[in-house]
Amino acid sequence: MAFDSLSEKLQNVFKNLRGKGRLTEADVKVALKEVKMALLEADVNFKVVKNFIKSVQERAVGQDVMTSLTPGQMVIKIVNEEMVKLMGDETTELVLKPASELTVIMMCGLQGAGKTTTTAKIAGKLKQKGRKPLLVACDVYRPAAIKQLQINGEKQGVEVFSMGDGHKPVNIAKAAIEHAHKNGFNVVILDTAGRLHIDEDMMTELIEIKENVDVTQTVLVVDAMTGQDAVNVAETFNGKIGVDGVIITKLDGDTRGGAALSIRAVTGRPILYVGMGEKLSDLEQFYPDRMASRILGMGDVLTLIEKAQETIDEDKAREMEKKMRKAEFDFNDFLEQIQQVKKMGGIGDLLGMLPGASAQLKDVEINDDIFDGTVAIINSMTKKERSQPDILNPSRKKRIAKGAGVDISEVNKLVKQYEQSKKMMKQMSGMMSGKGKRGKFK
Ligand code: GDP
């Protein structure tokens with residue numbers, strides 16, 4: 001999970017601080033030294049760390065903190081606030097012109113950073129907002145890149161404009177804009193060519209596009225896993241071509257988090273989105289406050305709720321709630337619930353958003369395979385068995401176990417779990433409707 005190791009170290013520092021009733025100036029200094037080490041180990045830019053610690057220290061050793069009843073908590077609050085400030089204070093959105101005008105977004109970045117994937121992810125987000133985006137293949141050096149954009153565009157249901165590899169990128173961009181005007185598109189997203197390293201040709205090509213096309217937003221894509229290199233890349237691109245916003249990809253695989261914590265402070269450019277996986281839906285808006293909260297182990301319940309709202313069909317959820325209240329929940333519903341959780345992202349990621357969970361789960365390997373056995377068992381049941389689990393007798397269970405390739409004890413376990421959940425739902429709905437107020441619960 002993103003920021004795991006940094007998060008763990010900071011939480012240990014804070015545990016010690018909380019454990020002390022009163023704090024001396026020396027206590028705070030020791031704690032901040034540990035915070036400094038943790039940030040450096042997370043590959044946060046050295047200058048950024050220095051300034052960060054200085055700001056926290058100035059605020060934390062003041063009289064107010066020392067004489068407060070909970071100085072440890074106060075210090076943590078200050079670290080949290082300074083971390084939010086570091087990452088940009090406010091959420092920055094991609095700037096779009098009104099829908100009646102054409103917005104041109106130029107995506108740039110090094111090869112392998114995740115530019116083509118992210119371009120398609122952004123197109124999906126814009127489509128959700130009611131825009132009509134056109135993807136443009138400007139990477140004429142890698143035929144595979146054009147193909148990849150076409151495949152991803154198709155997955156997102158977004159048209160891809162391509163002229164093959166025989167034209168200059170600036171001319172492709174111009175032709176694409178003309179095509180967009182003629183065909184009612186209101187956002188053009190240019191997927192430009194990357195190179196393995198920053199080189200003059202790449203920069204010249206990007207500058208040429210910017211000089212000849214009215215680019216609304218220049219968006220840089222960098223790979224979180226490359227740490228400080230990503231920060232250097234951002235600084236160079238911003239200096240040479242001017243960048244409006246940065247997208248950090250592969251944060252799902254980056255346990256350190258140095259790039260996300262340094263880019264804003266070093267370049268002054270905001271982080272717009274973060275890539276959290278390979279799937280085209282794995283792009284999250286960047287909220288500095290929520291990210292700080294995640295890093296400090298305070299969870300990110302808001303993102304969790306949003307994910308649920310995005311993936312869960314409200315009508316179905318209401319129907320499910322009704323069934324639960326009446327304890328009519330069957331194996332079809334069970335299967336549906338598993339699929340919903342899978343759609344929301346890995347279980348590990350979801351749990352990591354709960355306050356305190358990431359520290360507790362750090363040594364536990366959680367992957368989505370844990371549902372596979374259950375899904376196989378339910379899939380081996382007939383329609384009738386799924387909707388009326390009461391008819392499951394030993395011979396039916398034996399057949400199901402064989403079909404699912406598991407031991408019969410697994411089937412028994414699942415049926416037992418189901419029966420227990422049902423019993424619990426009955427009790428709960430009884431309590432909620434007031435029936436349980438007397439007797440047992442009083
Ligand atoms: P480009 O050369 O910059 O266009 O990079 P691609 O879009 O081809 O991406 C390079 C690789 O990174 C591909 O295997 C992508 O699936 C993967 N990738 C892109 N974004 C993410 C992300 O946010 N998380 C993960 N885990 N992989 C990503």
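The values are calculated or read from the model by the stated rules, or taken from the named source; none is laboratory data. Everything numeric here is computed off the predicted structure, so don't read it as measured data. Glycine gets a Cβ as well: all are built from the backbone with ideal geometry, and neighbour counts include every protein chain shown.
General remarks:
- Test for ASP289: is it in contact (Cβ under 8 Å) with a residue 40 or more places away in the chain, part of a helix (DSSP H, G or I) and within 14 Å of the ligand (Cβ to nearest atom): no
- Spans of helices (runs of 4 or more DSSP H) in the stretch 33-149 with at least 3 residues modelled with pLDDT under 95 and either farther than 26 Å from ASP282 by Cβ or within 16 Å of the ligand (Cβ to nearest atom) (or both): 46-60, 63-66, 71-86
- The sole residue among ASP214, ASP191 that is within 14 Å of the ligand (Cβ to nearest atom) and in the same structural domain as PRO270 (by TED's automatic domain parsing) is ASP191.
- Taking the numbered list (1) crowded, with 18+ Cβ neighbours inside 10 Å; (2) farther than 19 Å from GLY124 by Cα; (3) in contact with a helix residue (DSSP H, G or I) (Cβ under 9 Å, 6 or more places away or on another chain) in turn, MET202 passes all entries but (3).
Listed here are the residues, each with its yes/no results for (1) within 17 Å of ASP4 (Cβ to Cβ); (2) small (Gly, Ala, Ser); (3) at pLDDT below 90; (4) surrounded by fewer than 20 Cβ atoms within 10 Å (Cβ to Cβ).
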residue: ILE263; (1), (2), (3), (4): no, no, no, no
residue: VAL266; (1), (2), (3), (4): no, no, no, yes
residue: LEU272; (1), (2), (3), (4): no, no, no, no
residue: MET291; (1), (2), (3), (4): yes, no, yes, no
residue: GLN309; (1), (2), (3), (4): no, no, yes, yes
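- Number of the exception - LYS77 against (1) under 29 Å from ASN232 (Cα atoms); (2) surrounded by fewer than 20 Cβ atoms within 10 Å (Cβ to Cβ): (1)
- All of ALA359, ALA376 fail the test of being in the same structural domain as GLU319 (by TED's automatic domain parsing), modelled with pLDDT under 80 and among the aliphatic types (A, V, I, L, M), apart from ALA359.
- Here ASP139 passes the criteria (1) more than 18 Å from LEU96 (Cβ to Cβ); (2) touching a residue at least 60 places away in the same chain (Cβ under 8 Å) except the one numbered (2).
- Among residues of the stretch 232-261, those that are more than 16 Å from the ligand (Cβ to nearest atom), surrounded by 23 or more Cβ atoms within 10 Å (Cβ to Cβ) and not hydrophobic (A, V, I, L, M, F, W, C), counted: 1
- Residue in the stretch 169-179 that is assigned to a loop (DSSP other than H, G, I, E, B) and in the same structural domain as THR236 (by TED's automatic domain parsing) present: no
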